[in-house]
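Colleague: Below you will find the structure I want to go over with you.
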There are 2 protein chains.
Amino acid sequence: MAEKPTLVPTLKAARKAAGALSVATTEAKNKALAAIAEALIAHKDEILAANQKDTDAAREAGRPGALIDRLTLSSERVDGIAKSLGEVIALPDPVGEIYDRSTRPNGLQVARMRMPIGVIGIVFEARPNVVVDAGALCLKSGNAVILRGGSEASHSNIVLGRIIAQAVKSAGLPEACVQVIENTDRALVLELLQARGKVDLVIPRGGEPLIRFVDENARVPVILHYKGVCHVYIDDEAMIDKALDIIVNAKVQRPGVCNAAETLLVHKEIAQLFLPEAAKWLTAEGVELRGCERARAVVPEMKEATEADWPAEYLDLILAVKVVDDMDDALAHIAKYSSGHTESIVTENAARAVRFLREADSSCVVHNASTRFNDGGELGLGAEIGISTTRLHAFGPMGLRELTASKFIVEGTGQIRT
Amino acid sequence: MAEKPTLVPTLKAARKAAGALSVATTEAKNKALAAIAEALIAHKDEILAANQKDTDAAREAGRPGALIDRLTLSSERVDGIAKSLGEVIALPDPVGEIYDRSTRPNGLQVARMRMPIGVIGIVFEARPNVVVDAGALCLKSGNAVILRGGSEASHSNIVLGRIIAQAVKSAGLPEACVQVIENTDRALVLELLQARGKVDLVIPRGGEPLIRFVDENARVPVILHYKGVCHVYIDDEAMIDKALDIIVNAKVQRPGVCNAAETLLVHKEIAQLFLPEAAKWLTAEGVELRGCERARAVVPEMKEATEADWPAEYLDLILAVKVVDDMDDALAHIAKYSSGHTESIVTENAARAVRFLREADSSCVVHNASTRFNDGGELGLGAEIGISTTRLHAFGPMGLRELTASKFIVEGTGQIRT
């Protein structure tokens with residue numbers, strides 16, 4: 001009889017590796033990252049052969065083209081993944097970074113120091129590149145990582161995991177710094193999600209059903225990336241040209257991603273002026289508009305929006321359009337329907353912009369720019385492991401810093417408490 | 001038939017109040033805090049009468065003296081609680097605070113802005129002052145709070161809750177900003193702990209069994225304050241006088257609190273010189289010493305330590321003593337037995353101190369000072385709502401800042417992504 005699969009050895013090895021990794025030098029970690037990059041190139045044939053098995057199986061099973069797309073590695077993609085490791089090497093090491101220094105009246109020097117979180121679990125779907133990308137960010141931030149990908153990418157993930165573990169070991173760090181769960185038994189995902197005290201954080205990467213599954217089953221801390229229902233609000237003091245550029249970019253530049261705009265809110269005083277122009281430009285880009293009654297009074301060609309449109313994440317060339325009374329009305333709509341991802345205001349009224357930045361309750365609030373800038377690279381974080389819509393610990397793009405915790409450090413000269 | 005009690009109206013009112021509170025001005029929040037302070041003094045008789053009922057019942061039930069102590073309010077204690085509200089008023093408002101500003105190559109101004117977390121649940125035991133202390137910190141940081149105290153303090157908590165709600169309302173904020181769950185049915189605690197999406201964070205305040213109950217049952221994010229098994233490591237390059245002052249202070253100044261030292265680690269090269277002096281001073285203060293074999297070889301009067309002593313949080317005048325080979329040995333002992341609260345090193349060797357600060361894996365790591373400084377007030381945070389031993393979001397003392405989340409704010413001049 002086959003033994004029941006268990007993560008116990010994986011979890012133990014991860015905790016031990018995390019101990020060694022938390023005190024590893026930046027040089028040691030960068031050396032391991034460079035070894036991974038080299039190994040990916042050296043074993044490219046092996047990676048592509050394994051990936052071929054996955055894509056063949058997905059095609060045979062009639063899986064959707066978008067999934068096969070995400071699943072597929074090419075020679076160029078492997079080169080790109082290896083190259084991205086160079087970018088992680090170039091990023092500053094967050095571990096040991098000291099900030100918020102102050103001196104207490106008794107002379108104690110108080111500060112905070114970033115430290116690794118410990119053991120991080122990554123649960124993901126069909127993108128095998130996550131093994132390398134997430135593995136590299138966790139390693140650089142001093143965290144041991146346990147990766148569990150979808151069964152569609154199983155062959156690719158196993159090969160990538162073994163190559164990485166070998167490279168990490170060859171560079172002098174424990175191979176268990178990066179572990180792939182090779183067995184795709186669903187019981188093991190649950191074991192990972194419920195390993196309190198053994199896993200310090202789980203970050204899921206994938207579509208809404210996966211996120212919901214993790215949210216509902218996790219007994220360890222999780223940071224989630226739910227959907228992006230992002231709004232652009234055109235104030236009556238907006239400059240029309242700026243507003244047109246921004247809404248077209250926010251909707252059209254890459255409609256399938258989470259920071260693309262899904263709803264356009266327009267102040268009633270500028271609707272007559274702005275909406276016909278916006279409709280012209282957006283329609284020319286192939287966008288289907290679904291308007292409220294007041295929007296359709298200005299642009300009758302729009303489809304009629306229903307209640308289902310306001311909370312919708314289309315991820316497609318569709319835009320919901322609503323005319324609002326004023327900014328308060330826009331903020332109330334956002335408070336009701338937003339997913340807490342990204343909101344943008346277009347206005348030349350500085351006071352109103354400040355109030356919008358303060359009051360809109362999302363991970364990234366933008367004034368006079370596209371929602372598409374809510375991205376780790378664009379905001380200056382370097383690489384990102386995801387965009388958190390969880391408020392605690394990290395909200396918005398998560399870079400290396402967000403993969404650390406912070407302790408207090410206190411330096412004295414013999415102080416005691418009286 | 002009585003209706004089944006439910007938190008649904010409480011949770012709904014809290015979310016609505018959180019919306020109003022998140023955009024309240026500092027002045028409005030301070031006005032509410034001042035109104036609470038005034039109301040506590042004005043209703044002192046009522047508070048003390050309710051408290052009398054609780055303490056009478058506790059005495060009748062034969063509850064331990066320490067519990068009755070924590071439960072008891074006096075006229076002076078109520079004055080003290082009211083006065084502490086003045087200190088919270090004086091603290092800077094964290095909401096809207098902007099930090100980490102940078103300018104991107106495309107001219108975008110990126111920064112982070114602190115915002116309230118939302119709805120916070122506080123589950124606590126017999127200390128009725130928590131209603132006011134935690135209520136005030138949540139209110140100042142813009143969070144609606146739901147408080148659920150132990151049944152021992154029920155009369156006190158209900159009266160305090162009603163006085164606070166009335167005062168908050170009189171100051172123009174929603175009374176549901178601070179809510180006390182008046183029904184002590186255990187099912188309601190579980191409802192609070194499992195109200196995903198309705199409660200954004202739960203912080204338990206109390207003994208280990210309560211913390212464990214919350215940890216095991218919560219389905220919402222929690223920040224826990226587990227026990228403090230704090231270590232003082234005396235390096236062979238320590239100055240003896242400093243080392244004596246620090247270990248005596250860390251153990252004796254207030255032995256019943258979480259940042260008191262529980263284990264003394266001594267480098268083997270300094271044990272002969274240091275331990276007899278330390279034993280003399282500590283014994284004179286009434287401390288019982290429990291030593292390892294090597295420690296007892298130097299000071300035979302010590303009791304023999306058993307394996308159970310190393311992870312023990314005595315909260316009493318008892319100290320475990322272990323001779324270690326060197327700092328690595330001390331760090332290994334700490335990694336194995338520490339609760340992640342506070343560790344202190346006494347040494348004149350700067351390089352070793354830096355390594356200890358980096359490698360000891362606890363919420364507060366101290367060089368040449370007492371462990372007793374791991375406290376919000378002492379570290380400059382102003383008031384504290386607790387000391388987190390959870391790494392994510394907040395690690396160590398939690399002040400007003402730690403009761404906020406941070407969003408990205410982006411200010412542009414029409415930038416779009418290309």
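Colleague: Which pairs do you get when a residue that is of a type outside the set (Asp, Glu), found in region A:239-258, comes within reach of a residue that is surrounded by fewer than 19 Cβ atoms within 10 Å (Cβ to Cβ) and assigned to a helix (DSSP H, G or I), reach meaning Cβ atoms under 7 angstrom, with the pair 6+ apart or on two chains?
Modeller: A:240/A:273; A:240/A:277; A:244/A:277; A:244/A:281; A:248/A:281
Colleague: Moving to a separate point now. Can you tell me which residue is surrounded by the fewest Cβ atoms within 10 Å (Cβ to Cβ) among those in region B:283-294 that are under 31 Å from the mean Cα position of the chain (by Cα) and of a type outside the set (A, V, I, L, M)?
Modeller: B:286
Residues are listed down the side, and each one gets a yes or a no for (1) more than 27 Å from residue B:56 (Cβ to Cβ); (2) charged (D, E, K, R); (3) over 22 Å from the mean Cα position of the chain (by Cα); (4) modelled with pLDDT of 95 or more:
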site: B:149; (1), (2), (3), (4): no, no, no, yes
site: B:162; (1), (2), (3), (4): no, yes, yes, yes
site: B:171; (1), (2), (3), (4): yes, no, yes, yes
site: B:177; (1), (2), (3), (4): yes, no, no, yes
site: B:185; (1), (2), (3), (4): no, yes, yes, no
site: B:193; (1), (2), (3), (4): yes, no, no, yes
site: B:202; (1), (2), (3), (4): yes, no, no, yes
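Colleague: Let me ask something else. I'm trying to understand the selection: among the residues of region B:226-257, which are within 15 Å of the chain's Cα centre (by Cα) and surrounded by fewer than 24 Cβ atoms within 10 Å (Cβ to Cβ)?
Modeller: Those that are within 15 Å of the chain's Cα centre (by Cα) and surrounded by fewer than 24 Cβ atoms within 10 Å (Cβ to Cβ): B:226, B:227, B:256, B:257.
Colleague: Continuing with the same structure: Find the residue count for region A:211-240, including only residues that are in a loop (DSSP other than H, G, I, E, B), under 24 Å from residue B:393 (Cα atoms) and out of contact with any Leu (no Cβ under 7 Å at 6 or more places or on another chain).
Modeller: Narrowing region A:211-240 to residues in a loop (DSSP other than H, G, I, E, B): A:218-221, A:223-229, A:235-239.
In the following step, the residues that additionally are under 24 Å from residue B:393 (Cα atoms) were identified as A:218-221, A:223-228.
Retained after the next criterion (residues that are out of contact with any Leu (no Cβ under 7 Å at 6 or more places or on another chain)): A:224-228.
Counting residues in region A:211-240 that are in a loop (DSSP other than H, G, I, E, B), under 24 Å from residue B:393 (Cα atoms) and out of contact with any Leu (no Cβ under 7 Å at 6 or more places or on another chain) gives 5.
Colleague: Hey, among the residues in region A:99-133 that are under 21 Å from residue B:389 (Cα atoms), among the aliphatic types (A, V, I, L, M) and at the interface with another protein chain (Cβ under 9 Å from one of its Cβ atoms), which one's farthest from the chain's Cα centre (by Cα)?
Modeller: Per the stated criteria, the residue is A:110.
Colleague: Here is a follow-up. Can you tell which of B:280, B:268 is more than 14 Å from chain A (Cβ to nearest Cβ), within 14 Å of residue B:324 (Cβ to Cβ), without any contact (Cβ under 8 Å) to a residue 60 or more places away in the chain and surrounded by fewer than 19 Cβ atoms within 10 Å (Cβ to Cβ)? Break it down stepwise before answering.
Modeller: Working: B:280 fails: within 14 Å of residue B:324 (Cβ to Cβ).
So the residue among B:280, B:268 that is more than 14 Å from chain A (Cβ to nearest Cβ), within 14 Å of residue B:324 (Cβ to Cβ), without any contact (Cβ under 8 Å) to a residue 60 or more places away in the chain and surrounded by fewer than 19 Cβ atoms within 10 Å (Cβ to Cβ) is B:268.
Colleague: Follow-up. Filtering region A:134-159 down to residues that are part of a loop (DSSP other than H, G, I, E, B) and either β-branched (Val, Ile, Thr) or away from chain B (no Cβ under 14 Å) (or both), which residue is nearest to residue A:399 (Cα to Cα)? So that I can check it myself, show each step before the final result.
Modeller: Initially, region A:134-159 is screened for residues part of a loop (DSSP other than H, G, I, E, B), giving A:141-143, A:149-150.
Next, from what is left, pick out any that are either β-branched (Val, Ile, Thr) or away from chain B (no Cβ under 14 Å) (or both): A:149-150.
Values: A:149: 21, A:150: 24 Å.
Among them, the one singled out is A:149.
Colleague: Determine, yes or no, whether residue B:17 is among the hydrophobic types (A, V, I, L, M, F, W, C), more than 29 Å from residue B:140 (Cα to Cα) and either assigned to a helix (DSSP H, G or I) or free of Cβ contacts under 8 Å to residues at least 24 places away in the same chain (or both). Reasoning before the result, please.
Modeller: On the way: among the hydrophobic types (A, V, I, L, M, F, W, C): yes; more than 29 Å from residue B:140 (Cα to Cα): no; either assigned to a helix (DSSP H, G or I) or free of Cβ contacts under 8 Å to residues at least 24 places away in the same chain (or both): yes.
Criteria not met by residue B:17.
Colleague: Going residue by residue through region B:295-318, is there one that turns out to be closer than 15 Å to residue B:264 by Cβ, charged (D, E, K, R) and surrounded by 22 or more Cβ atoms within 10 Å (Cβ to Cβ)?
Modeller: no
Colleague: Given the condition small (Gly, Ala, Ser), in a loop (DSSP other than H, G, I, E, B) and farther than 29 Å from residue B:93 by Cα, answer yes or no: does some residue in region B:313-326 qualify? Step through it out loud before you land on a result.
Modeller: We begin by selecting, within region B:313-326, every residue small (Gly, Ala, Ser); these are B:320.
So of that shortlist, the ones also in a loop (DSSP other than H, G, I, E, B) come out as none.
There is no residue in region B:313-326 that is small (Gly, Ala, Ser), in a loop (DSSP other than H, G, I, E, B) and farther than 29 Å from residue B:93 by Cα.
Colleague: While we're here: Cβ-Cβ under 8 Å, sequence separation 6+ or interchain: first residue in region B:73-85 and in contact (Cβ under 8 Å) with a residue 60 or more places away in the chain, partner among the small types (Gly, Ala, Ser). Which pairs?
Modeller: B:73/B:156; B:84/B:136; B:84/B:383
Colleague: Suppose we keep only residues that are touching a residue at least 12 places away in the same chain (Cβ under 8 Å) and of a type in the set (D, E, K, R) within region A:88-135. Which one would you say is farthest from residue A:74 (Cα to Cα)?
Modeller: Filtering first and then ranking leaves A:100.
Colleague: Where in region A:336-414 are the strands (runs of 3 or more DSSP E), entirely inside, with at least 1 residues that are among the basic types (Lys, Arg), facing another protein chain (nearest Cβ under 9 Å) and touching a residue at least 24 places away in the same chain (Cβ under 8 Å)? First the steps, then the outcome.
Modeller: Details: elements: A:342-346, A:364-369, A:386-388, A:396-398.
Because the criterion is at least 1 residues that are among the basic types (Lys, Arg), facing another protein chain (nearest Cβ under 9 Å) and touching a residue at least 24 places away in the same chain (Cβ under 8 Å), no strands (runs of 3 or more DSSP E) in region A:336-414 meet it.
Colleague: For region B:192-210, what are the residues that are touching an Asp or Glu at 6+ places or on another chain (Cβ under 9 Å) and part of a helix (DSSP H, G or I)?
Modeller: Within region B:192-210, the subset touching an Asp or Glu at 6+ places or on another chain (Cβ under 9 Å) is B:196, B:204-208, B:210.
Of everything in region B:192-210, those that are touching an Asp or Glu at 6+ places or on another chain (Cβ under 9 Å) and part of a helix (DSSP H, G or I) turn out to be B:208, B:210.
The values are calculated or read from the model by the stated rules, or taken from the named source; none is laboratory data. Note that the structure is a prediction, hence the values are computed from the model and not measured. Using ideal geometry, Cβ is built from the backbone for each residue, glycine included, and neighbour counts are taken over all protein chains shown.
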